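The values are calculated or read from the model by the stated rules, or taken from the named source; none is laboratory data. Owing to the predicted nature of the structure, the values given are computational and were not obtained by experimental measurement. So basically every Cβ, Gly included, is an ideal-geometry build from the backbone, and we count neighbours across all protein chains shown. Please note that ligands, DNA and RNA were not included when accessible areas were found on the heavy atoms of the full protein model with its side chains. Shrake-Rupley method; radii C 1.70, N 1.55, O 1.52, S 1.80 Å.
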Amino acid sequence: MTLRRTNQNPPETATRCRWEYPVLLEPDDNDTVIVDFPDITGAHTFGNDVEDALRHAVDCLITAVAFAV
């Protein structure tokens with residue numbers, strides 16, 4: 001999965017923009033899915049399955065970016 005920065009409006013009228021980051025999902029030895037954001041140091045989490053891992057990934061990314069700012 002690749003996440004990219006997108007902006008639907010021209011810069012002069014933009015009030016919000018969307019940032020996207022690459023995420024790696026890998027199965028773990030204990031039947032969980034490991035999540036890693038290679039562009040964000042220390043942003044790692046896991047989930048019981050892919051859907052759960054992606055839910056945790058959103059929270060992980062928000063927390064990592066907020067901590068870095």
Flagged in region 41-69 as of a type in the set (A, V, I, L, M, F, W, C), under 15 Å from Asp28 (Cα atoms) and open to solvent by 70 Å² or more (accessible area, probe 1.4 Å), in numbering order, are Phe46, Val50
Among Arg18, Arg5, the single one that is surrounded by fewer than 15 Cβ atoms within 10 Å (Cβ to Cβ), modelled with pLDDT under 90 and in contact with a Ser or Thr (Cβ under 7 Å, 6 or more places away or on another chain) is Arg18
